[in-house]
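The values are calculated or read from the model by the stated rules, or taken from the named source; none is laboratory data. All of these numbers come straight from a predicted model, not from anything done at the bench. Note that we place each Cβ from the backbone using ideal geometry, even for glycine, and neighbour counts take in every protein chain shown. Remember, those area values only see protein heavy atoms, side chains included, never the ligands or the DNA or RNA. Shrake-Rupley method; radii C 1.70, N 1.55, O 1.52, S 1.80 Å.
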Amino acid sequence: MGQPNKLRWGILGSANIAVRSVIPGLQQSQLNEVTALASRTSEKAEQAATELGIAKTYDGYEKLLADNEIDAVYIPLPNHLHYEWTLKAAAAGKHILCEKPLALNTAQAEKMAAAASEADVHLAEAFMYRHHTRYDQIREVIASGEIGDVRGIHSTFTFNNSGADGNVRFRKDWGGGSLYDIGCYSISAARMLLGKEPTAATVVALFSPQHDNVDMMASGLLEFDGQIGVTFDSGMWAAFRNTLEVLGTQGTIEVPSAYVSPGDERSNFFVTVGDQRREVQVASLNQYAAQADAFARTVLHGEKPLYDAEDAVRNMRVLDACLKSAEQRQRVTL
C-alpha cells in the first residue's frame, strides 16, 4: 500500500527518458512514489523494476491501468502512442503525465484534453524545464524592466544522433523528427516567457531520405503580434546546443543550459545591461522531481496547475503550424 500523503504512480513502458530521468525524479520528490512499471514483456519490466527498486511489474499496459492502487500514470511511449494510451488511462480514472509532444496533431490533443476533463483527471505535458525555479527568476527579471522591453527570443536545442539505427525518432509514421522531439521546447518556452500565443510561423527544415524523411534539422521564426520575433533551431543532425537568449531594449538574458539542466551551477543564467554582466545564482534542484511535486500538489491538494491540458493543446497548435510551414515551404498563420 502506498503512503497516504503520496501520489502512487505507474509507468507505461521502460523508455530511456523514464528510466534515466523521470522515475528517479519521482523517487526523489516529496509527494510521489513509483508503485509499478509495465512493459510489453515481463522480462523488460522486471529488469527495469529491479534496477530502480519498483515493487510491482506488469507485462502489458492494460494490466497496470486496472490496478486500483495506482493513482497516476506516466506515458513515455513513442509519440504515436500518446493519444491511445492517454485516452485509455483517462477511462481508467488515472491522472496522466504524458511525454511531449502531447499528440501528433491538434485534433488528437483536443480529444485527449476533453477525455481527461470528462474523467475528472489531471493531464499534463512533461516539459520538466518549466518547473525549475530559475524560470521564475528569469520571468522576474523580464517583469522588472531591467532589460527593457522584449524585442526577441532565440532558442536552440540540437544534438547529433543521426547514426542511431532504429531510433524511434526516425519513424515518420510514429511522429519522428526534430520539431516533435525538441522543437516543441523552444515553442513552449517562447509562449511561457511572453505570456501569449504566436500569430504566424515560418520554418525551413532538412527532411532526410535516409531517416524516413523526418525533419532532422529545422530553423524557425514565430511571430508574436507582428512585433516580436522568436527564432529557434531544433536538430538531431547538428552539434549539441541547449540555449536561450532574451533580447531586450536595454539588455539581454542568456541561459547557457536552457532545457537539459545538470542541476548545479551550470544552471545559472546571465543578465547583461550595458557593459555590466552579472551571473544570477540558481538553486540546485532536480527539475523532474519539481515537475512531479507540482503535478502531485494539483491532484492531492487541489492546487491550480501551472500548466494544464489546454496549454498542451495550444502548444500542439503551434507545432502543427511549424510542421505545415516546413512541409509546404510557406508562412503559416495561426
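At a 1.4 Å probe, what is the % contribution of carbon and sulfur to the accessible area of region 1-82? Here carbon and sulfur together make up 45 percent of the probe-accessible area. Across region 166-217, counting alpha-carbon atoms alone, Rg and Dmax equal 12.9, 39 Å.
Each of 58, 309, 102 was scored by the projection of its Cα onto the charge dipole of the chain, and the greatest displacement toward the positive side belongs to 102; charges sit on the C-beta of Lys, Arg, Asp and Glu. Beyond 18 Å, the tail of the calculated P(r) for region 180-334 holds 66 percent of the Cα pairs. If the segment from residue 173 to residue 273 were pulled out straight at 0.36 nm per residue, it would be longer than the present Cα-Cα gap by 31.3 nm. Surface composition of region 230-334: carbon and sulfur make up 48 percent of the accessible area, probe 1.4 Å. Taking label points 7 Å from Cα along the Cα-to-Cβ direction, residue 59 and residue 40 give a separation of 1.5 nm. Taking only alpha carbon atoms, region 1-139 gives an Rg to Rh ratio of 0.96, where Rh is the Kirkwood radius. Taking GluC sites (Glu not before Pro) in DSSP loop conformation with at most 13 other Cβ atoms inside 10 Å as exposed sites, the chain has its longest uninterrupted site-free stretch at 70-302.
Normalised Debye scattering of region 99-237 at q = 0.12, 0.19, 0.20, 0.22 Å⁻¹ gives log10 I(q)/I(0) of -0.58, -1.20, -1.26, -1.35, counting only Cα atoms as equal scatterers and leaving out solvent. Per-atom-type breakdown for region 110-187 gives carbon and sulfur 45% of the accessible area (1.4 Å probe, protein chains only). On a per residue basis, region 169-285 carries 42 Å² of accessible surface, using protein heavy atoms and a 1.4 Å probe. Normalised Debye scattering of region 71-153 at q = 0.14, 0.20 Å⁻¹ gives log10 I(q)/I(0) of -0.58, -0.81, counting only Cα atoms as equal scatterers and leaving out solvent. Would you work out if region 33-113 is rounded, prolate or oblate? Take a ≥ b ≥ c from the square roots of the eigenvalues of the alpha-carbon gyration tensor; rounded if a/c is under 1.5, else prolate when a/b is larger than b/c, oblate otherwise. Here region 33-113 falls in the prolate category. Going through (1) 71, 44, 33; (2) 89, 47, 38; (3) 58, 44, 38, the figure that equals Cα extents along the principal axes in Å as computed for the structure here is (3).
Note on region 256-310 and region 1-45: Cα centroid distance 22 Å, given to the nearest whole angstrom.
For the residue pairs 111/304; 63/172; 6/44; 56/100; 44/172, alpha carbon separations beyond 24 Å are given by 63/172; 6/44; 56/100; 44/172.
Among beta bridges from DSSP that stay inside the chain, the antiparallel ones total about 60%. Quick one: net charge of residue 176's neighbours, Cβ under 9 Å, K/R +1, D/E -1? Result for the local shell: -1. Among the trypsin sites (Lys or Arg not before Pro) found in region 32-88, those both in a DSSP coil and sparsely packed, with 16 or fewer other Cβ atoms within 10 Å of their Cβ, are 40.
Remark: the residue 199-residue 140 segment gains 18.8 nm on full extension, using 0.36 nm per residue and subtracting the alpha carbon distance.
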